[in-house]
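Here's the structure, in C-alpha cells; my notes come after.
All of the numbers you see were taken from the coordinates with simple rules; none came from a lab. It should be emphasised that the depicted structure is a prediction, and the values quoted were computed from it without experimental measurement. Cβ sites come from the backbone with ideal geometry, for glycine too, and all protein chains shown count toward neighbours.
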Amino acid sequence: MDRPELSAAEPATQLFFAPTPRGLADLVAQELRALGIGELRERDTGVQFRGTLRQGYLACLWSRTASRVLLQLARFEAPTTEAFEQAVQGIDWRPHISSTGTIACEFAGKHPTLINTHFGALKLKDGICDQLRAATGVRPDVDPQRPSVRIHAHAAGTTVSLYLDMAGEGLHRRGYRTQAGEAPLRENVAAGVLLRAGWPAMAAQGQAFLDPLCGSGTLVIEAAWMAIGHAPGLLRDYWGFAGWCGHDAVLWQSLCDEASARINTSIANPLRGSDRDAAALRVAAANAQRAGVADLVEFVPAAVADARPAAPSGLVCTNPPYGARLGDEQAAREVHRELGNALREHFSGWEAAVLTAAPDGARELGLRTYRTHELWNGAIAVRLLRIDLAHAGVRERPAGVLRVDPTLADSPGAKMFANRLGKNLQRLRKQAQRSGVSCYRLYDADMPEYSFAIDLYAEAGNDLQHLYVQEYAAPATIEAAAVARRRGEAFSVLPAATGVAGERIHLRTRKKQSGSAQYERLATREQFTVIEEHGLKFLVNFSDYLDTGLFLDHRLTRQRLRSAVEGGRFLNLFCYTASATVHAAAGGATRSISVDMSNTYLEWAAENLRLNGISAMHHELVRADCRQWLEEAAQRSQRFELIFLDPPTFSNSRRMEGVLDTQRDHAALIDACMRLLAPGGLLVFSTNAQKFKLDAALAERYQVLDISAATIPFDFARNPRIHRCFELRR
C-alpha cells in the first residue's frame, strides 16, 4: 500500500488543529490571528491552521481558549482495521518517539470497522510499538497519565488523521488550580467568557472587576492574567512536546522568556471576588498565590445579596451555582434572584456577564440580556447572558428598547396584529423549511395601521431566534398619540405571537435616508450573531447600523450568482459585507475582487470570508471608490467572467468624489463594468431605488434581461418592487 503522507516532510510550515470547547472556536481563531497565523480554517470543534513550529509553540503558550494544540503527523485512507494497522506500521516513528520514552494513544471519530474507541487506541499503540521495535529493537512503555508523547487518531469515515498532542493534557490546566468545587469552571471556558464580555478592553481602561460568587477564584485569576498580559501556559510544568524528538528546547525557552518579560503587574483597581463559603475563599487565595497575582486580587467573605461596587464602572462576571452544583434547583433559583436584585439596585453603570446552566436562570435574574452565547463547560451546556446595567439596572437594548405594556395585549388592534403574525409565521415557516431558509421577512406592513417590517433571524448552530423590527416612520398627518398607541399594541404581543423572547427583539425606526446615512454607524456595541444561508455562514449585527449586514431580499440573487460563476473570476462592486462574494466562492469562483469604500464593511466582509474558510489569498478585498477603481481596472485590462453591481440608491460620502445617484449614473456604471467583462461573461445589476427605470439605450448596446420577478423571494412577495435586477451580456 502507499506510504502515508507525513506532514513532517514540510519543514517550513506544518498543519495543526486546535480543538476548542463548543461555542468558542471563533475566539481561538482570533487568538491565532493575533499570533500572526493567517492560514486557518474555523470548524465547529476547533480551528485548523498551518504554521511554523514557532507558531505552534506560541499557540500552546498563548491561547487562553483552546483545549489542546495538535500537530498533524500523517493522513491516510484506511477502509478496514487491517489497513489502519498497516498504515500506522508504515510510518517511521523514530523522528517523533524515542523507544526509551513512554506513549499514550487515543482514538476518536467514526470509522466503518474501528467502532470502539478503546480498540482503536489499542491498534494505534500496537502499530507504533511494532514499528519502533522492528526499527530499534526496543518498544516504548505506556503511560496514560503524563507520557513522553501522546498520539491522537481521528477518523472521518475511512480517512484517518494522526496527531501529536503538543499540550499533552488539556490547556485548561494552567498550573495554579489544585482543587475546585463540585462543578468547576474550566479555565479556558472562563477565559472565553471574559473575552466574550469584552474584559481585555475594559481592563486596558482600568475598569473594575467583581465575581460575587467566585468559588475557587477561576474567573478572577483569569481576568487578572488578562489584565497584566500573563501567558496562560507559562506556569505549566508538563508539555506533550517536551518528550517529542522534534522538540526545539532552545526556541521554546526563548518564547517563554519573551512571555515573562511582557507581564505588567501594574493595574488600576484590584480585582475582587466574594463568596459566602470560607473554604472556597481559602482555595481561591491559594490559587491566586500560585498564579502570581495574590497582590492584584482580593477575596472577601460576602453573600451575593451584599455585593457592592468598588468603582463607578466595571464588569461583574460570575458563574452562579446551578442545580448540578448545589443539588438543589430551588436554591439555585434563589441565588439567581439575589444576584439579579443586587445588580439592579447597586451596579448601575456596570456591565454584567452571567454564565448559567439553570433552565430559568435568565428569568430568575429579572434582567434583560442584550446578547446570549451558547457554550459548553465540559459536558454541561451553559449560556452566557450579557447585561448592560448602565441605566439603573435596566438594559437599554442595542437596537432599541422593547417596552411592553401588557394592558394593551387584549385590545382589538393587538389581537388582530397577533393573529396576522401567527398566520404569517405558520405559512412562511413551512415555505422556509422547504427552501432551506432560516432567515426571512415575517411581516411587511401587511396591515397599514401597523407599519413595520419584521425579519426573523435564526442563529447558526442553536435554536435561538431574533426579530429585527423596523418601524416605518409615520407621515406627519398622523397624530403622534395614534402612532404610539399602535406601536404599543404591536409590541405587547410580539413575544407571545412569535415565541421570540423580548431580549432578542431588536427595534429600529426606518425613515427615508439621505446621503450615506443608511450605512452610518448608529451604535458601537459591535455584537455580532452568526446565521446561515444555504449552508454558508454570515455575521449580522442588530444594533450598530440601520441594516443588519445581510439583505434578505437578495437571497435568490446570491443563489443565481453562486450558480453562474462556474469557476470563473468574480467582481463584486459596492460589496457591503461581501455576502455575494461568499456565495460566488462557494460556487467555485477561482478568484474574486470585492470593492467598497468602507473599512468597517470590508473588515466585516473579511470575517464573513473567514467564517466560511475562504482564503484571502484568492479573494481580495479592496477599499476604493468603485467608479475610480473601474477606470483603473480598465487601464490594467482586468477581465471577469461574472460581475455583480449593486450600488446604493444615492451617496454623497466624504470618501468619494462627487455624488452617486443610481438613477442618473447607472448607465455609465454599467458601461464601465461591461468593459471589464470577459467574452461570454455576465453582469448582474441590481438596485433598490424606488421608481427605477433602466436607461433604454442600454438595450441597444447589450443583451438585457429583466430578472426582477425571478429574484423576489417568497417572503417578499407582498412587495415585488423591493428591488430591480437585470442580467446584461455583450
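A few remarks follow.
- Theoretical FRET efficiency, 1/(1+(r/R0)^6), r = Cβ-Cβ of Q86 and T649, R0 60 Å, to 0.05: 0.40
- Rounded if a/c under 1.5, otherwise prolate or oblate - the stretch 603-723, Cα gyration tensor axes: rounded
- Gain on full stretching of the segment that runs from D671 to R54 - 0.36 nm per residue minus C-alpha separation: 217.1 nm
- The count of lysine pairs in the chain that are at least 8 places apart or cross chains, and whose C-alpha atoms lie under 26 Å apart, stands at 10.
- Take each peptide in 18-26, 461-469, count the other Cβ atoms within 10 Å of every residue, and average; sorted highest first, the result is 18-26, 461-469.
- The stretch 528-729: relative contact order in percent, alpha carbon pairs under 8 Å with at least 6 residues between: 18
- Counting only DSSP beta bridges with both residues in the chain, the antiparallel share comes to about 60 percent.
- Under the Karplus curve 6.51 cos²θ - 1.76 cosθ + 1.60, θ = phi - 60°, whole-Hz ³J(HN,Hα) for the stretch 346-355, x wherever Gly or Pro sits: 10, 10, 4, x, 9, 9, 10, 10, 10, 9
- Fewest neighbouring Cβ atoms within 10 Å first, the residues M617, M674 line up as M617, M674.
- Phi to ³J(HN,Hα) by Karplus 6.51 cos²θ - 1.76 cosθ + 1.60 over the stretch 704-712, Hz, x for Gly, Pro: 10, 10, 7, 10, 3, 4, 6, 10, 8
- Comparing Cα centroids, the stretch 607-677 and the stretch 130-193 end up 49 angstrom apart.
- FRET efficiency for Q703 and T113, using Cβ-Cβ distance with R0 set to 45 Å, rounded to 0.05: 0.20
- Gyration tensor over alpha-carbon atoms, the stretch 408-511, equivalent ellipsoid semi-axes in Å: 24, 14, 13
- Exposure proxy for T13, T407: other Cβ atoms within 10 Å of each Cβ, ordered fewest to most, give T407, T13.
- Relative contact order, percent, the stretch 408-511 [alpha-carbon distance under 8 Å, six or more residues apart]: 31
- Label-zone membership for the stretch 56-93, site C256, 7 angstrom Cα→C-beta point, backbone N under 14 Å: 57-58, 60-62
- Length added when fully stretched, R133-A634, from 0.36 nm per residue minus Cα-Cα: 173.8 nm
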